[in-house]
Amino acid sequence: MSLELQNVSMSVDGQMHIYNTNLSLKKGTMNVLLGRTSSGKTTLMRIMAGLDVPTSGKILWDGKDVTGMRVQDRKIAMVYQQFINYPSMTVYENIAAPLRLMKKSEDFIDKEVRKTASLMRLSEMLNRKPQELSGGQQQRCALARSLVKGSGLVLLDEPLANLDYKLREELRAEIPKMFEESGAIFVYATTEPEEALLLGGNVATLWEGKITQFDETAKVYHKPNNATTAKVFSNPSMNFLTFEKKDEYIYYGTDHKVLAKDVFEDLENGVYQAGFRPNHLELKVKNDLHLHFDAHLEVTEITGSETFLHMSYENENWIGLVHGVQDLEYNSNLSLYLDMRHVFVFQSDGSLVKTASYSENR
Amino acid sequence: MARITLSDLAHSYVQNPKNEKDYALRTLNHEWEDGAAYALLGPSGCGKSTLLNIISGILTPSHGRILFDDKDVTFEETTDRNIAQVFQFPVVYDTMTVQQNLEFPLKNRGMDAKYISQRVSSIARSIKVEDIMHKKAQGLTADQKQKISLGRGMVREDVNAILFDEPLTVIDPHMKWELRTQLKALHKELKHTMIFVTHDQTEALTFADKVVVMNVGEVVQIGTPQELFEKPAHTFVGYFIGSPGMNILEAEVHGNHALIGEHTLKLEHTYKALKGKVELGIRPEFMTLCEEGRGIKIEIERIEDVAHHKIVRARYNNANVNIIVDEDTIITDTMTNMTFDMTRVNIYENSWLVEGEKI
C-alpha cells in the first residue's frame with residue numbers, strides 16, 4: 001500500500017491554498033502534518049481523502065490514479081477534532097457500526113470489534129454507552145471505529161485537541177503503540193511540535209500552503225534544512241540573530257566581536273542568520289566557545305522546575321528556557337550565553353548553511 | 001480590587017445531597033488575596049468551572065458564603081459584583097472597531113472622555129493592537145479577537161476581579177506565548193486580582209502566583225508552582241503537574257527506610273508508623289539512568305526524544321517509571337539501572353503527603 005501525491009496544488013477563488021506538492025507515504029507509517037492554523041493541513045487531508053479534488057496534480061493509491069474518485073469508493077477513515085459517537089449505542093455497537101454497513105457476518109464483526117477494542121484498551125467498556133466514558137475513552141471509541149473497517153488510509157485531524165492536557169499526554173504516548181499493529185497509512189495533523197515528537201514516524205512541516213520538509217520526525221527536528229522548518233518545529237519558536245562573518249571573526253549586536261570557531265569557522269564572509277532553540281540560552285558560561293548577549297528581560301514565567309525568559313535583543317524577540325526557579329527582575333538587563341555548538345546557520349533567505357554541531361551525530 | 005473570601009463554600013447540583021459524591025464542589029475555605037494572580041487547575045469535571053461560576057455570580061452556592069472584602073455577595077447578581085470576565089471563545093462586537101470594543105465597558109459606566117481615551121490607548125499599547133485600532137472586529141483572526149476580549153477584560157481599573165475561563169484554548173501554540181506574556185506583564189503593572197481557569201498545567205504554572213489544584217470537587221493543594229513541583233501534597237498533584245508526572249511507587253516505610261519491590265532505600269527523613277496505602281513519589285527530573293552495578297535494575301520499554309530532553313519509559317515492580325535524561329546524554333545498552341536523588345523523595349500515606357522528621 002502506498003499513497004502518492006504528484007504535483008498536487010489547490011487554489012480557491014484564485015488564492016493558493018496548497019502550492020505544488022509531492023509526497024509519498026508508505027504502508028504502516030505514521031505521518032504527521034505539523035503546522036500552524038491555516039497552514040494547509042486540513043486542505044491537504046481533504047485532498048488525500050477525496051473530499052476535495054485538487055486544482056492540478058494526481059493522487060495515486062498503490063500506483064493507481066484515484067484523483068476524482070468519490071470518497072465512498074475509497075478505503076479511508078477520517079477522525080476529526082470533535083469526536084463523534086452514536087450516543088444511544090453501546091461502545092460495542094459504535095465500533096461495529098461500519099462493519100454492519102458493510103453487511104459483514106456476525107462472527108466476523110464480533111472478532112474484529114473485540115480485536116480493535118483490545119488494541120484501543122476498551123475491552124472492559126464494550127457494554128457502556130459513550131457518555132459513561134471519560135473524554136479520552138470516548139475519543140478512543142471514535143478511533144476504534146475508524147480502524148475497524150480495515151481502512152488503508154486513516155486521516156486524523158487534530159484528534160486530541162479537545163481533550164484535557166493530561167489525557168492528551170497519555171494518548172499521545174499510546175497512539176503510536178496502538179497503531180503499529182494495524183499496518184495502515186496514518187496521517188495525523190497537529191499544531192503542536194511536542195505531539196509530533198511523541199508520535200514519531202515521519203513529519204511534514206507546513207508553512208503557508210507549502211511543505212517545507214518531509215522526513216523522519218527526529219531527523220527533521222534535529223536537522224531542519226531551512227529556517228521555516230526550524231521555526232515551525234520548535235515550541236517556543238526558535239530564536240534568530242543576524243551576524244556577519246568577516247575573516248577570522250563574527251560580528252553581531254552593536255559591538256560584539258568573537259573569534260569564529262566551531263560552526264562559524266569555515267563560513268565564507270557574509271551576512272547570515274543564527275538560529276538556536278530556547279533551551280540553549282544559558283545564564284552561565286560553560287566553555288570558551290560561546291556568544292555573549294546583554295538582552296532586555298521583559299517577563300519571566302516559572303513552571304516549578306524551569307523558568308521561561310521573555311526578552312528582546314536588538315530587534316528580535318527571544319524566549320529562553322533555563323533550569324530551576326530563577327528570581328529575576330523584570331525590565332532589566334540580562335547577561336546570556338550561547339554555546340556555538342548549538343547554533344544553526346541559515347542564509348538571509350532561510351536556507352540552511354550549517355547544522356549545529358551538537359545535532360550532527362543524531 | 002478586592003480580597004475574595006470563600007467561607008464554608010460548597011455546591012451540589014442535587015436537591016438533597018447525601019454524601020460527598022453528590023457535591024460538585026466540596027467544602028472549601030479560602031481567601032484570594034487582593035491583587036494576586038491565581039490559577040484554578042484540574043481535569044474536566046473537577047469543579048473548577050463550578051467554583052468560577054460561584055465567584056462570578058452565575059451560580060448561587062448551595063452552602064456557605066462568598067465575600068468581596070467584607071461584603072457578603074453570595075446572593076448578588078453578576079452585574080452587581082463589578083467583575084470582568086474573559087471566556088474561552090472571543091466575545092467582541094463585530095460591527096464595532098477595535099477602539100470602540102475597548103472603549104465599550106468604560107462608556108457604559110459613563111466615564112469621562114479624556115480618561116477613556118488615555119486608558120484605551122494604554123491598554124492597546126500593552127496588548128499590541130495599536131496598528132489595528134480602526135479596523136472592524138469582524139475582519140480579525142480568532143487570535144486577534146481573543147486579544148481584544150482580553151484587553152476589554154482589563155480596561156476597567158475599578159473591577160473587583162478579572163475572571164478568565166480557559167481563554168487560550170482556541171489560540172495556536174506560538175500565539176499562546178505572546179498572549180500569556182502580555183497578560184503577565186499587565187498583571188505586574190495593574191495588580192488586578194485575577195483568577196484563571198485552565199486544564200493546562202503550563203498555562204496555570206506560568207501565569208499564576210499561586211495555583212489551586214482541584215480534583216473531583218475538592219481542592220487538593222494551593223501553592224506556588226515551585227511548591228507544587230517539589231512537594232505535591234497529594235499524589236494527584238504529583239501526577240497532574242509535570243510531563244510526565246511524578247513516579248509513584250508502592251512502598252513499605254519503616255523509620256528512615258523504604259522498601260520498594262526488593263530494594264531498600266535509605267531516606268533523608270524518619271517517619272512514624274504509616275497506615276493504609278503507602279507510596280513513594282519521585283519526579284522523573286530527580287532520577288538518573290545509570291550503568292549496571294549501581295542503583296536498581298529496571299526494564300526499559302522505550303526512549304522518547306522530546307526536544308530538549310529524553311524520556312526513558314520503564315517498568316519496575318509492576319509500575320511505570322519515567323526518567324528524564326538530558327538531551328546530550330548518550331544512552332547505551334548497559335544503562336539499565338535507576339538511582340534517586342534522595343533529597344527529592346516524598347512519602348505518601350493514603351495518597352496524602354506525610355512529613356517526616358529530619359534525621
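The values are calculated or read from the model by the stated rules, or taken from the named source; none is laboratory data. In this text the structure is predicted, and so the values were computed from the model without any measurement. Don't worry about glycine lacking a Cβ; one is built from the backbone with ideal geometry, like all the others, and counts go over all protein chains shown.
List of remarks:
- Selection from region A:212-255 of residues that are of a type in the set (Asp, Glu) and either touching a strand residue (DSSP E or B) at 6+ places or on another chain (Cβ under 9 Å) or within 14 Å of chain B (Cβ to nearest Cβ) (or both): A:215, A:216, A:244, A:248
- Residue in region B:306-317 that is part of a loop (DSSP other than H, G, I, E, B) and on the phi > 0 side of the Ramachandran plot present: yes
Every residue, every condition in (1) closer than 18 Å to residue B:166 by Cβ; (2) touching a strand residue (DSSP E or B) at 6+ places or on another chain (Cβ under 8 Å); (3) within 14 Å of chain A (Cβ to nearest Cβ), yes or no:
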| position | (1), (2), (3) |
| --- | --- |
| B:29 | no, yes, no |
| B:34 | no, no, no |
| B:44 | yes, no, yes |
| B:55 | yes, yes, no |
| B:64 | no, yes, no |
| B:81 | no, yes, no |
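- Of all residues in region B:279-295 being in a strand (DSSP E or B) and free of Cβ contacts under 8 Å to residues at least 60 places away in the same chain, the one that is farthest from the other protein chains (Cβ to nearest Cβ): B:290
- Candidates A:94, A:162, A:127: the one that is among the polar types (S, T, N, Q), within 23 Å of the chain's Cα centre (by Cα) and in the same structural domain as residue A:196 (by TED's automatic domain parsing) is A:162.
- Of all residue pairs spaced 6 or more apart or on separate chains, those with beta-carbon atoms under 8 Å, a first member in region B:3-23 that is modelled with pLDDT under 90 and a second member that is part of a strand (DSSP E or B) and among the basic types (Lys, Arg) are B:20/B:26.
- Residues that are without any contact (Cβ under 8 Å) to a residue 60 or more places away in the chain and closer than 24 Å to residue B:190 by Cβ, drawn from region B:24-53: B:31
- Residue check for residue B:242: at the interface with chain A (Cβ under 8 Å from one of its Cβ atoms), at positive phi and not aliphatic (A, V, I, L, M): yes
- Selection status of residue B:202, within 9 Å of another protein chain (Cβ to nearest Cβ) and within 14 Å of residue A:304 (Cβ to Cβ): yes
- Any hit, region B:138-145, residues being over 30 Å from the mean Cα position of the chain (by Cα) and among the polar types (S, T, N, Q): yes
- Test: residue in region A:271-284 that is aliphatic (A, V, I, L, M), closer than 28 Å to residue A:229 by Cβ and in contact with a Gly (Cβ under 9 Å, 6 or more places away or on another chain): yes
- Selection count, region B:318-359, where residues are in contact (Cβ under 8 Å) with a residue 24 or more places away in the chain and in a strand (DSSP E or B): 20
- Within region A:188-214, the set of residues being among the acidic types (Asp, Glu) and at positive phi comprises A:208 only.
Conditions (1) surrounded by 21 or more Cβ atoms within 10 Å (Cβ to Cβ); (2) within 14 Å of chain B (Cβ to nearest Cβ), marked per residue:
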residue	(1), (2)
A:269	no, no
A:274	yes, no
A:277	yes, yes
A:298	no, yes
A:301	yes, yes
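- Matching residues in region B:296-322 - criterion: being more than 10 Å from chain A (Cβ to nearest Cβ), of a type in the set (D, E, K, R) and within 25 Å of residue A:192 (Cα to Cα): B:310
- The condition of being within 14 Å of another protein chain (Cβ to nearest Cβ), buried (at least 16 other Cβ atoms within 10 Å of the Cβ) and part of a strand (DSSP E or B) holds for only one of B:39, B:24, that being B:39.
Here's the yes/no breakdown for (1) of a type in the set (Asp, Glu); (2) on the phi > 0 side of the Ramachandran plot:
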position: A:7; (1), (2): no, yes
position: A:17; (1), (2): no, no
position: A:38; (1), (2): no, yes
position: A:62; (1), (2): yes, yes
position: A:74; (1), (2): no, no
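- Considering residues of region A:40-69 that are of a type in the set (Asp, Glu) and touching a residue at least 40 places away in the same chain (Cβ under 8 Å) only, the residue farthest from residue A:208 (Cα to Cα): A:62
- Wholly enclosed strands (runs of 3 or more DSSP E) of region A:260-362 bearing at least 2 residues modelled with pLDDT under 90: A:290-302
- Test: residue A:196 is facing another protein chain (nearest Cβ under 9 Å) and either closer than 19 Å to residue B:303 by Cβ or outside any helix (DSSP H, G or I) (or both): no
- Filtered residue count, region B:71-111, keeping only those that are over 15 Å from residue B:150 (Cα atoms) and of a type in the set (A, V, I, L, M): 3
- Selected residue (only one of A:204, A:173, A:184, A:142 is in contact (Cβ under 8 Å) with a residue 60 or more places away in the chain and either more than 20 Å from residue A:118 (Cβ to Cβ) or within 14 Å of chain B (Cβ to nearest Cβ) (or both)): A:204
- Test: residue in region B:137-147 that is surrounded by 24 or more Cβ atoms within 10 Å (Cβ to Cβ), assigned to a helix (DSSP H, G or I) and within 14 Å of chain A (Cβ to nearest Cβ): yes
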